[in-house]
Amino acid sequence: LSNSLYWLKIGRILRVNSIFTWINSSNILEYIMKKLESSLYDSIVAVLYILSLINYIGIVCHCIACLWFYIPNNISVNNNNTWLGVGWEDYTIKDNYMRSLYWTAVTFSSVGYGDITGKTTEEYIYSMFVEFLGILCFAYVMGLLTSSLSQYINKKERVNFRENELNQWVIW
């Protein structure tokens, strides 16, 4: 894993996002909407955006986990004095990757259980970077959600206002 820099090989995951983008920009959704209710269009587009966001978060978590595993293997300190701990050789590379992916998910989501922590200066600095990145990502998602809800409420209020105007026009 650390020798081949496997974390750079994420082209397949990026291709999935390009498929989502292609579906969203092509005429496929318009064709499907002709067959279904047109009110489902916004929901399908929202689902595509959510799947794309989850895919990007997966890419980021994968790269962070690989770097978290890469740090103790490339510093001059013995791995027993890093987050890998004593007996790290007993785990396979996949197990150590899963441990680092677990740490990434817990730290990135800003929960931080503390069962896996950094022990060297490099690991502390990297931990702070990941925590800050997780906070920024959470703030971005909350901003998108707030903006979407605000736009939905404004659109609903405009429709209600227009319906009231039309009702008053019909009455007169």
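The values are calculated or read from the model by the stated rules, or taken from the named source; none is laboratory data. Fair warning: this is a prediction, and the values are worked out from it, not measured in the lab. Here the Cβ positions follow ideal geometry from the backbone for every residue, glycine too, while neighbour counts run over all protein chains shown. Accessible surface areas use protein heavy atoms only, side chains included; no ligands, DNA or RNA. Shrake-Rupley method; radii C 1.70, N 1.55, O 1.52, S 1.80 Å.
Observations on the structure shown:
- Looking only at the range 80-98, and only at residues there that are open to solvent by less than 60 Å² (accessible area, probe 1.4 Å) and of a type outside the set (A, V, I, L, M), the one that is nearest to Cys63 (Cα to Cα): Tyr97
- Pairs meeting the criteria (first residue in the range 52-64 and without any contact (Cβ under 8 Å) to a residue 40 or more places away in the chain, second residue part of a helix (DSSP H, G or I), beta carbons under 6 Å, at least 6 apart or on different chains) are Ser52/Asn17; Ser52/Phe20.
- Identity of the residue in the range 102-111, at pLDDT 85 or above and of a type outside the set (Gly, Ala, Ser), that ends up surrounded by the most Cβ atoms within 10 Å (Cβ to Cβ): Thr107
- For the range 130-172, taking the residues that are farther than 24 Å from Ala46 by Cβ and touching a helix residue (DSSP H, G or I) at 6+ places or on another chain (Cβ under 9 Å), the one that is surrounded by the most Cβ atoms within 10 Å (Cβ to Cβ) is identified as Val130.
- Unmet requirement for Gly114, which otherwise passes all of (1) within 25 Å of Asn78 (Cα to Cα); (2) at pLDDT 80 or above: (2)
- Ser39, sole failed condition from (1) modelled with pLDDT of 70 or more; (2) closer than 26 Å to Leu145 by Cβ: (1)
- Candidates are the residues of the range 61-79 that are in a loop (DSSP other than H, G, I, E, B) and among the polar types (S, T, N, Q); the one that is most open to solvent (accessible area, probe 1.4 Å) is Ser76.
- Which numbered condition Val111 misses (of (1) part of a loop (DSSP other than H, G, I, E, B); (2) among the β-branched types (Val, Ile, Thr); (3) over 19 Å from the mean Cα position of the chain (by Cα)): (3)
- Whenever a residue of the range 133-147 is touching a residue at least 12 places away in the same chain (Cβ under 8 Å), its partners that are among the aliphatic types (A, V, I, L, M), lying with C-beta atoms within less than 8 angstrom and at least six residues away or across chains, give the pairs Leu133/Val60; Leu133/Ile64; Cys137/Ile57; Cys137/Val60; Val141/Leu53.
- Condition check for Val130: closer than 24 Å to Met142 by Cβ, out of contact with any Cys (no Cβ under 6 Å at 6 or more places or on another chain) and in contact (Cβ under 8 Å) with a residue 60 or more places away in the chain: yes
- Contact map, the range 80-100: first residue part of a helix (DSSP H, G or I), second residue surrounded by fewer than 13 Cβ atoms within 10 Å (Cβ to Cβ), Cβ cut-off under 6 Å, separation 6 or more or different chains; pairs are Asn80/Val86.
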